Structures are given as structure tokens and as C-alpha cells.
1. Please count how many residues of the stretch 197-243 are over 23 Å from Ala97 (Cβ atoms) and either in the same structural domain as Gln303 (by TED's automatic domain parsing) or among the aliphatic types (A, V, I, L, M) (or both).
2. Has the stretch 441-455 got any residue that is part of a strand (DSSP E or B), more than 24 Å from Asp319 (Cα to Cα) and touching a Gly at 6+ places or on another chain (Cβ under 8 Å)?
3. Would it be correct to say that Glu381 is assigned to a helix (DSSP H, G or I), among the charged types (D, E, K, R) and over 20 Å from Asp418 (Cα atoms)?
4. Among residues belonging to the stretch 447-477 that are out of contact with any Phe, Trp or Tyr (no Cβ under 6 Å at 6 or more places or on another chain) and among the small types (Gly, Ala, Ser), point out the one that is surrounded by the most Cβ atoms within 10 Å (Cβ to Cβ).
5. When both residues are 6+ apart or on different chains and their Cβ atoms are under 8 Å apart, which pairs have a first residue that lies in the stretch 181-194 and is free of Cβ contacts under 8 Å to residues at least 40 places away in the same chain, and a second that is surrounded by fewer than 23 Cβ atoms within 10 Å (Cβ to Cβ)?
6. So which residues in the stretch 268-283 are in contact with a Phe, Trp or Tyr (Cβ under 7 Å, 6 or more places away or on another chain) and either surrounded by fewer than 21 Cβ atoms within 10 Å (Cβ to Cβ) or of a type in the set (Ser, Thr, Tyr) (or both)?
7. Which residues, taken from the stretch 72-87, are basic (Lys, Arg) and either exposed (fewer than 15 other Cβ atoms within 10 Å of the Cβ) or assigned to a strand (DSSP E or B) (or both)?
8. State whether the residues of the stretch 405-419 include one that is in the same structural domain as Ile356 (by TED's automatic domain parsing) and assigned to a strand (DSSP E or B).
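The values are calculated or read from the model by the stated rules, or taken from the named source; none is laboratory data. It should be emphasised that the depicted structure is a prediction, and the values quoted were computed from it without experimental measurement. Here the Cβ positions follow ideal geometry from the backbone for every residue, glycine too, while neighbour counts run over all protein chains shown.
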Amino acid sequence: MIPSWINDGSQIDDPFGYGERAVAWLRRLKHPKNPAPGHPFQLDPWQERVIRKIYGPRHVEDKFDDAGLRIARQGDRIVRRVCLLLPRGNRKTSLCAALTLLQTLGPEANTGDLVVSAASAHEQAMELYGEAKLLVTYDARLRKHMKPLPSKSLIECKAKSTNYKALAADGAVQHGKTPRMVIADELHVWKGIAGRELWGALDSALVKTPDTLMVVASTAGRGQDNLAWDYVSYAMKVQKGEINDPAMLPVIFAAEEKDDWEDPELWKLVNPGMKYGYPDLPGFMDKAAKAKHSPSDLDNFKQYNLNIWADKSTSPFVDMTVYDEGAGAIDLEELRGQPCWLGVDLSSSGDLTVIIAAWRDGDGGYIVVPWFFCPKDNLRERQELSDAPYVRWAADGLITATDGNVIDFRAVEARIRDLCDEFDVQEIAFDPALARVVLNNLQDDGLPAVEMRQGALTMMPAIAELERAVVGRKLKHGGHPILRFCVANCEVETNSYGHKVRLKKGKRWLSIDGAVAAAMAVMRASLGGSAGVGSVYDSDDWEEALDAFG
């Protein structure tokens, strides 16, 4: 994914010449690290087009709403928000430092303006500040008008009574500021309440004055439970043409999961600076070579060097590249007559309901097959919230869509009975929270339904067994896309001893039900007993059970 306009040579709208003016001013800057004669600031063609796209397009006349309120002045920028998503090593920091100077001293500066850059921590904030300070201190023309004050993370420009200030989420949030431009650096790592407070304070402040600019400058993040995801995912839709929003300028250079990560042409495509000498190609090749032999290095290479937004969780349960090794085809006919264990996770309306069947493979591993259910009326809403193709999954038969807006447990119970007819089901493990009626119905008919509570102590050995199977390449799942979606969404909650005691999700609409049911089914299969025979961990009073064994 790259901006369609970045290399096509198309004319960029610039009715007042402000785009050309900005480019010309930036070309006059100097950078001490550039070995070229005169040490000019290196503004490569792709960067120049980004600058022109931000500052060129303007409203050519005043615009008013139906009530007569002015919503744009003649000459105001059309672009008010930028999503600059680049792989590491593409000089994002240098470009952003130049933008701060352009709007503090350059032709985009207005008297009294405040320019703010913000990061998750002080050290990160000082990287951008340090780059801007380097440009100022090296150039006598800038030093004449601008004064860096490192102790305050501030650069003053007395000539225009403007200031550039670097802020960090781990410092005191300063409400009441009225910035004209905000650069949010690596937004995907802004954590907790402090990060959200700083983002809220800065984002809301931009409505106080006209013609403001928000620039989110970042590499790809991980998960959908961070501040950046909503902003970036929206920008991706704009870049793909799914949303028409002239005020948002997406500048997103990113490979996609299906792309061949070993292809040098892909590297050049998503790293726009590579043809100009950055990032360093030998170093890049070395990282790619290491990634061939290490799943964790491959994960990092895809995220940081190819800018692929990593799987759903910011604290992943398992390495999904390892999980994917279990995607070989499964022949259900071969499993008939072999002992089978079912894990069932029921929901009402907010989540998927799932049945997972698990078979032991005779080599210390497991084969798992899922059946998913979702209320038909909720499919499209869940698709919009999670950006997962629920409607297509249902059309493809991967989800049984039951009528209405709540799960029809009768359909789930009927499927369980069918599975008991088809396979040699040893146990049907339920969390009894929502399953009392279904569980009793099955037990009344002599089917081996058992309770498996979802308490932390009950799930700890189940999570450990599922993790052992994945890490040991002992889990065969057939590459079922919804099950993969659920596993990728999983985070783990640990106790004070570091034990993984519960699977959780970062956002309420990111389903993990398939992973929970898989852990239940695999755990029951690992015990390998007949119905009613299980582990002491099945009881929330397991400490008393252990005491009973002396």
C-alpha cells in the first residue's frame, strides 16, 4: 500500500503557490549530517510531493454552511490531518523537524503560533526536538531568530513571537494550550491514561483556531487497542478510496500480510527513501536474512521494516507465525471413530459462540476443528467495529448465523448432538455461566456434558497446554480464518508469579471465544479420561483438592 500520487508525476493543486513556497523554503535549510557540498537539507522527490500535498491545496473562496456560518476561509489549507506512516529508517524525524521550523519561522508561521510535538515518553519527545535544535544551531540564519531552550524542551522564535514545544505523555499534561500544529510521534506506543489525556488535550485544542494541522507520524504498531489504530485504520480507508475525506491526507507506505516479504522490489516500494540511500540496504538485507531463521525476527522485520500492522493483540498470546505452521488440511473422515473432546463457549449477543472439537494426534499434539455461531442481525455491526469480514464468513458457511440479535442456543445444542452422532465424543466441556439449560438437556439424554468453569485457576493449565501445543508445533487447526482471528486477538493476564491465568481481549468487539474454547477442548483432551474424570484444576477450590492428596 503506497499513496497513488507519490510517484505518478501528477499535478498537485496549488492555486496560491503555497506548496511551491513551502518547498522552496525547506530547500534553503541545511543539515550538518548531509555530506554534500554546503550540507543542504535533503528533500527528496517523494518528500517534496508530501509537502506539496499538505500545503498546496487551498480553498479558493470562503465557504459557508446552510446557516451562513463560515466553515472555511479563502486560502485555508484543505488538509487538516495527516497520517504519515513510514517504515523505520525513512527519515520521518527529519521531515517532521523541518515541518516544525516551516510553521515556527517559515512562511507558514503566523504571529503568536504554537507548534507542539508530542511523544509517549520524554526520551522519545527529545528525539524530534533534538533534530529541530540541530537544524537551528547549525544554521546562522536560523540562530539569528530562534533560541533553543533544552531545559524547557522549547525553541523560541522572537522574530514572529512563535514557539515550538516538545511534550511527553509521561509528563504533566498542559491543558489550555492553543497549538496551530501538532505532531504526534509514534502514537501507537502512547499508553494508559496519560497517553489518552495528552492526545485528548492536543486533539481538542486544534478546534480553537482556524487552519490548524494534526500530523500523526509513526511506524506500524501492534494491535487495535491503542490510540493510533482508529486514526490509522481510518486513514487507510481514505487512501484506498473507501472513504472520501479531503481533509485527511494519508501518506501510508506499508506492505500487506499476503505480500512476499523476501522480495527486494517490495522493500523498495514501501521504503520510499531506499532509492536515495536510506534505510541502509546492506543492513536491511542482513535483517531479512536473520528473519528467515527466527519467527520473532520475522515478526519485527514485517512490522518495523515493511510497516505491516501486526496482529490484533499488543501483548500477543502466541507468535502467529508459529501458529500458522499448523494450517495443514484436516480430513474429518479420518477422525471418525477416534476419541474426541468438545469445548463450548456460549455467548448471548456480544460475542461469537463456538464449539471446538479436539482430537489427540498420537504424537503429543492435537487436531482442532471449530464451529462458530453469531446472531444474524449483529453480523454487519461486528464487521464494522472489528474490520473483520463477518458477513463474508457467514456467506461462506464459516459462521452459522442464527435469526435475531441473540444466539439461538437451540441451534448450538443441535450441532453438539450432531457431532456426538458423527464422532466418538468423550466429553462436552461447558462454562456453566450461560450453559445451564443446554448442559442439563444433554445430561438428561445421557450425553457426557461437564462443567469447566472459567475461573483463573481453572483456565491456567488449559492456557498452558494450548500454548505448549502451539509453541511446540503440535497444534493442527487447518488454517480456519475465524479461529486464527480469535487467537490473534488474545492477550494474557498473568498473576503475581507470572503464570498465565486468563485470556483477555483488548477491545470488547475483538472476539477471543474460539481461543478460549480451544484451550478448554485441548485441556480435556490432554486429560484423556472418560466423562467426569478430570483435573483438580476443574474446581475453583483446587487448593482444598490438593490438600486432600496430602
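1. Number of matching residues: 4.
2. In the first step, residues of the stretch 441-455 are kept if they are part of a strand (DSSP E or B); the result is 449-451.
Filter once more, keeping what is more than 24 Å from Asp319 (Cα to Cα): 449-451.
If we keep only those that are touching a Gly at 6+ places or on another chain (Cβ under 8 Å) as well, we get 450.
Checked against the condition, which is being part of a strand (DSSP E or B), more than 24 Å from Asp319 (Cα to Cα) and touching a Gly at 6+ places or on another chain (Cβ under 8 Å), the stretch 441-455 yields at least one hit.
3. Judged against the criteria, Glu381 is a match.
4. It comes out as Ala462.
5. From residues that are free of Cβ contacts under 8 Å to residues at least 40 places away in the same chain, the pairs are Ala194/Asp170; Ala194/Val173.
6. Met274
7. Let us first name the residues in the stretch 72-87 that are basic (Lys, Arg), namely 73, 77, 80-81.
The answer is Arg73, Arg77, Arg81.
8. Restricting attention to the stretch 405-419, the residues satisfying the condition of being in the same structural domain as Ile356 (by TED's automatic domain parsing) are 405-419.
Next, from what is left, pick out any that are assigned to a strand (DSSP E or B): none.
There is no residue in the stretch 405-419 that is in the same structural domain as Ile356 (by TED's automatic domain parsing) and assigned to a strand (DSSP E or B).
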